[in-house]
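Before any comments, here is the structure.
The values are calculated or read from the model by the stated rules, or taken from the named source; none is laboratory data. Since the structure is predicted, the reported quantities are computational estimates derived from the model, not experimental observations. Neighbour counts run over all protein chains shown; Cβ positions are idealised from the backbone, glycine included. Note: accessible area is taken over every heavy atom of the protein model, side chains too, but ligands, DNA and RNA are not part of it. Shrake-Rupley method; radii C 1.70, N 1.55, O 1.52, S 1.80 Å.
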Amino acid sequence: MTSFAFVADDFTGATDALWQFRRLGLTGSLVTDASRLDDAYDVIGIATTARASADPVPVVLPVLRAVAALRPLVIQYKVCSTFDSSLAHGSIGAVIAALHREGLARGPVPVLAAQPELGRYTWFGNHFVRSGAEVHRLDRYPPMRDHPVTPASEADLRIRLAEQGAGRVGWLPASPAPSEEAYRALGEDAAFVADAQTEEHVRVLGRLLLADARSRGGPLYCVGSGGLSHALASAHVAAADAGERPEPGPLAPATPVLVVSGSRSPITARQIDTAERAGWRVLDASGGLRDATRGGSFARLLAEVAESLGEGRHTIVQSTRGPARDPAAIGDLLGRIASVAVKAGLVGRLVVAGGDTSGQVVAALGARSLDVVAALAPGAPVCVLASDDPAYDGLQVALKGGQVGGDDYFLAVAR
């Protein structure tokens, strides 16, 4: 029986959400098509490309209805812990408004963007990001302030959601911890933003949400990051008095690793620089776009990739460095490169950097589902891909968001 379901607005976030449940011993699967939903698991997730959509509602609403048919306790709309969203792309507020308009949500929709293990915190309704030793307000954090698609011009998530049409948005403080009295007093707001600075804040909120869900006749709809997934999982395990299952041990080294990166994040750029200094080969994806329809430039790039991987060399094909390119075209190109290289048996482990890129690459591999097997960095687990094509079935793949991981992330994936 399915207790929890989530619908993710991108593929990297989807794997993070699944890992938060699986790491605590719940059974689960991430599927790529609503027709593959299965109530045999404790948790079921489905990944979408809603974050890249001008209007995410038509993308996610049918999927939300499909997972509701499984009658879980909680349905989470999984969003990024940096709240990647705007009026023009992936509006989270529009999804919240649709939940009320369609009669799915009853009462305020809880919103938890915080994920302390990733250095994401919410306090007084304002969102913060830790980078190294410094903590930045979201609208002053350069990768998000200057984001090419969803720039953060406001750190107060209540204001962001209201601007996106969510309606009146309340606030649940967490000092010293979220209280049941404050939770019950939220009234008739369309949604509320929950504060969290610590793992204890997250766990307490999870207990409040789970108790609320169990008192309802239908699922509790909520919105949030992997921190929300972890809150729900930890509350469920604690209520069952099952204890936490130890996390799986380290993966065996993989040779060679292929990284395809459509991310524009400076964090991903530093990871590429670190790998290049360690001897990895770095190729520019933009060269394959020229005359790609006629095959000339693409064929030359693919030959370079095949030569490098054939030598057993870890290889990165990237559009992260240099001028911005058409993201849809880059994603299609990287998907074709990954599919050809994997089918040729040249790839020991695949890494995809970039949330939107991940969706395109996973589609190119014909994935029907993913299951997480290890976490090399918070928010970016390694998965095993299931596909009807035996050339791709069983492939180990890590889907990494642009803002996720330390400078040595790619090196860690290869160890």
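Scanning region 348-364 for residues that are among the hydrophobic types (A, V, I, L, M, F, W, C) and buried (at least 24 other Cβ atoms within 10 Å of the Cβ) yields 350, 351, 352, 353, 361, 362. Scanning region 48-83 for residues that are in contact (Cβ under 8 Å) with a residue 60 or more places away in the chain, among the hydrophobic types (A, V, I, L, M, F, W, C) and open to solvent by 10 Å² or more (accessible area, probe 1.4 Å), we see that the one that is nearest to residue 161 (Cα to Cα) is 80. Which condition breaks for residue 137 when tested against (1) touching a strand residue (DSSP E or B) at 6+ places or on another chain (Cβ under 8 Å); (2) within 30 Å of residue 370 (Cα to Cα); (3) free of Cβ contacts under 8 Å to residues at least 60 places away in the same chain? Answer for residue 137: the failing condition is (2).
In this entry, residue 220 passes the filter for residues that are aliphatic (A, V, I, L, M), more than 27 Å from residue 402 (Cβ to Cβ) and modelled with pLDDT of 95 or more. Looking only at region 296-336, residues that are more than 29 Å from the chain's Cα centre (by Cα), among the polar types (S, T, N, Q) and modelled with pLDDT of 90 or more come to 1 in all. Residues in region 388-409 that are in a strand (DSSP E or B) and farther than 21 Å from residue 357 by Cβ: there are none. Scanning region 25-34 for residues that are open to solvent by 10 Å² or more (accessible area, probe 1.4 Å) and either in contact with a His (Cβ under 9 Å, 6 or more places away or on another chain) or acidic (Asp, Glu) (or both) returns a single hit, 33. Applying the criterion of being β-branched (Val, Ile, Thr) and either touching an Asp or Glu at 6+ places or on another chain (Cβ under 6 Å) or open to solvent by less than 10 Å² (accessible area, probe 1.4 Å) (or both) to the residues of region 373-387, the residue that is farthest from residue 413 (Cα to Cα) is 384.
Based on what the data block shows, is residue 341 at pLDDT 95 or above and buried (at least 20 other Cβ atoms within 10 Å of the Cβ)? So residue 341 passes the test. Against the criterion of being open to solvent by 30 Å² or more (accessible area, probe 1.4 Å) and either in contact with a strand residue (DSSP E or B) (Cβ under 8 Å, 6 or more places away or on another chain) or among the hydroxyl-bearing types (Ser, Thr, Tyr) (or both), residue 41 qualifies.
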